[in-house]
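Below: the structure, in structure tokens.
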Amino acid sequence: MNAADERSLESIRQKIFPFLRASWSPLQINPEQKAPRFIILDECETLTDAAQLSLQTILDRDPKDVCVILICNSQSRIHPKLRQRLLRIRYDPPSRFIGDTSAFHSITRGDLRCEGRRQETEERLWFYLNCHPGEVRPFLEKAHVDMNTILTDILLLMNLLYILDEPIITLLNHTIPLASSGLFPDKINDIIEDILTSLKVKFEEQTLRKE
């Protein structure tokens, strides 16, 4: 359950407690073999104090029957009575190796959720900087991500390379909502082609100045 959407005591009472009372034995291959039920609450720090404290009765149950997993961004916002009863595991963003200046880590800011898509993200970033103009349209037509993702990639990459200027920002601000609507795909593809051309020109000019 995403606690950010359902954060009240009533949500806990209406969803979690009925789940614990329900019988699953007809669905088990071997009804005599018991397996724990898992309750996973994402963004649980947004639960009200009353809702958090209501979980104490669940924690009183045998862990072999019920396993409770709370996911949060801030442990300090979890009620102390819950914190002292839970095993706390901290997940930090993947640390950047010494000398690692990859665009991927800079753009994703070490977000652990992005690691599983690292290869495809890095392939897109490489394409933006090295593609031939004739390859852009086929790439856009076969892309496995939506146009908003591509536009966001380009925005973050240009910002990272210090080549993002006011005209490009204005163009992106107009194009991203248009891409979200799903309308005029050909027009959006034309705009992305123009933006990628501008990106490559600016990047090459910047590289020449450094040399």
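The values are calculated or read from the model by the stated rules, or taken from the named source; none is laboratory data. Note that the structure is a prediction, hence the values are computed from the model and not measured. Cβ atoms come from the backbone with ideal geometry, glycine included; neighbour counts cover every protein chain shown.
With segment 64-131 as the region, which helices (runs of 4 or more DSSP H) entirely inside it contain at least 3 residues that are modelled with pLDDT of 85 or more and hydrophobic (A, V, I, L, M, F, W, C)? Give the derivation first.
Details: elements: 80-83, 103-108, 118-130.
The qualifying helices (runs of 4 or more DSSP H) are 118-130.
Looking at 198, 181, which is the one that is surrounded by 17 or more Cβ atoms within 10 Å (Cβ to Cβ) and of a type in the set (Gly, Ala, Ser)?
Details: 181 fails: surrounded by 17 or more Cβ atoms within 10 Å (Cβ to Cβ).
Every option except 198 fails the conditions.
Here's the yes/no breakdown for (1) of a type in the set (Asp, Glu); (2) within 25 Å of the chain's Cα centre (by Cα); (3) more than 24 Å from residue 114 (Cα to Cα); (4) part of a helix (DSSP H, G or I):
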| residue | (1), (2), (3), (4) |
| --- | --- |
| 148 | no, yes, no, yes |
| 152 | no, yes, no, yes |
| 188 | no, yes, yes, yes |
| 198 | no, no, yes, yes |
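Test residue 173 against the criterion of being over 19 Å from residue 106 (Cα atoms), surrounded by 15 or more Cβ atoms within 10 Å (Cβ to Cβ), of a type in the set (S, T, N, Q) and over 21 Å from the mean Cα position of the chain (by Cα), and give yes or no.
Details: over 19 Å from residue 106 (Cα atoms): yes; surrounded by 15 or more Cβ atoms within 10 Å (Cβ to Cβ): no; of a type in the set (S, T, N, Q): yes; over 21 Å from the mean Cα position of the chain (by Cα): yes.
Spelling it out, it is not the case that residue 173 is over 19 Å from residue 106 (Cα atoms), surrounded by 15 or more Cβ atoms within 10 Å (Cβ to Cβ), of a type in the set (S, T, N, Q) and over 21 Å from the mean Cα position of the chain (by Cα).
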